[in-house]
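Each reported figure results from applying straightforward, stated rules to the coordinates on display, with no laboratory input. Note that the structure is a prediction, hence the values are computed from the model and not measured. Using ideal geometry, Cβ is built from the backbone for each residue, glycine included, and neighbour counts are taken over all protein chains shown.
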Amino acid sequence: MTKKIIFGLFLLIGFFSSQISTNRVLADSTADTNTTFKLVKKSTDNLTMATPPSFDFGSLMISSQPVVAQSKGSGDLKIADLRGSGAGWKVQVQMTDFVDSDNPALVLTGAKLELAPIGIKADDDKNSTGVPSSNNIDVNDSLQTLIAANTGEGMGAWTADFASNNSAQLTIPANSKKGNYTTTITWVLSDTP
């Protein structure tokens, strides 16, 4: 009977030894594993616009010819799309009439304001989504698209350069009345390209 127990013990040890040897990873072998994660969007502020620029053309002289002046913006326009959908977006602008701040009944007719972002770049130089497009526009009282990110473009944080020279141009008609003129530019960020 002791022979049977010893023989059985050897069989059991042999079985476990073979199991251990088949589960070993040899030094020259490879093994693959999977890593998973779920990327979710922030619950609020998924598409935002910050620091829309203002423009100051200073003092200009009345002339018998149209007066053209250029200005840089007070800063750059910042847009962030953290929705994670790649759905695209657009920035549109419109403005009110140029009105004399001292005499609101005096409206400067025929004045033209042109906006032209100098460039648009991703805040992260490794951003692989498409770059939004920009348009030079004559701003008026209708919404016009200044910057657009089509589907698959403009994800992440972007800066539109208005702080460089010549991003805004003002044309004043000849023989205009003197005044301290001002206008309000409305900047609209929409979640559709």
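Just add up the charged neighbours of Asp76: K/R +1, D/E -1, any other residue whose Cβ is under 12 Å from the Cβ of Asp76.
+1
Given points 7 Å out from each Cα along the Cα-Cβ axis, report the Ser164 to Lys78 separation in nanometres with one decimal.
Between Ser164 and Lys78, the label points sit 2.0 nm apart.
Name the aspartates and glutamates eligible as straight-distance cross-link partners of Lys112: C-alpha to C-alpha under 13 Å, and not fewer than 8 places from it in the same chain.
Within the straight-line cut-off, Lys112 pairs with Asp97, Asp138, Asp141.
At a Cα cut-off below 20 Å, give the aspartates and glutamates reachable from Lys126, other chains included and same-chain residues fewer than 8 away excluded.
Asp81, Glu153, Asp161
Note down the magnitude of the dipole of segment 56-123 about its Cα centre, charges +1 on Lys and Arg C-beta and -1 on Asp and Glu C-beta and zero elsewhere, to the nearest 20 debye.
340 debye
Taking all pairs of distinct Cα atoms, average 1/r, flip it, and tell me the Kirkwood hydrodynamic radius of segment 47-144 in Å to one decimal place.
About 16.4 Å, per the Kirkwood formula over Cα pairs.
So, in nm, how far is label Asn127 from label Asn140 when the simple model puts each one 7 Å beyond its Cα toward the Cβ?
3.1 nm
Within a Cβ distance under 13 Å of Ala111, other residues only, what is the Lys/Arg minus Asp/Glu net charge?
Neighbour charge sum, excluding Ala111 itself: -3.
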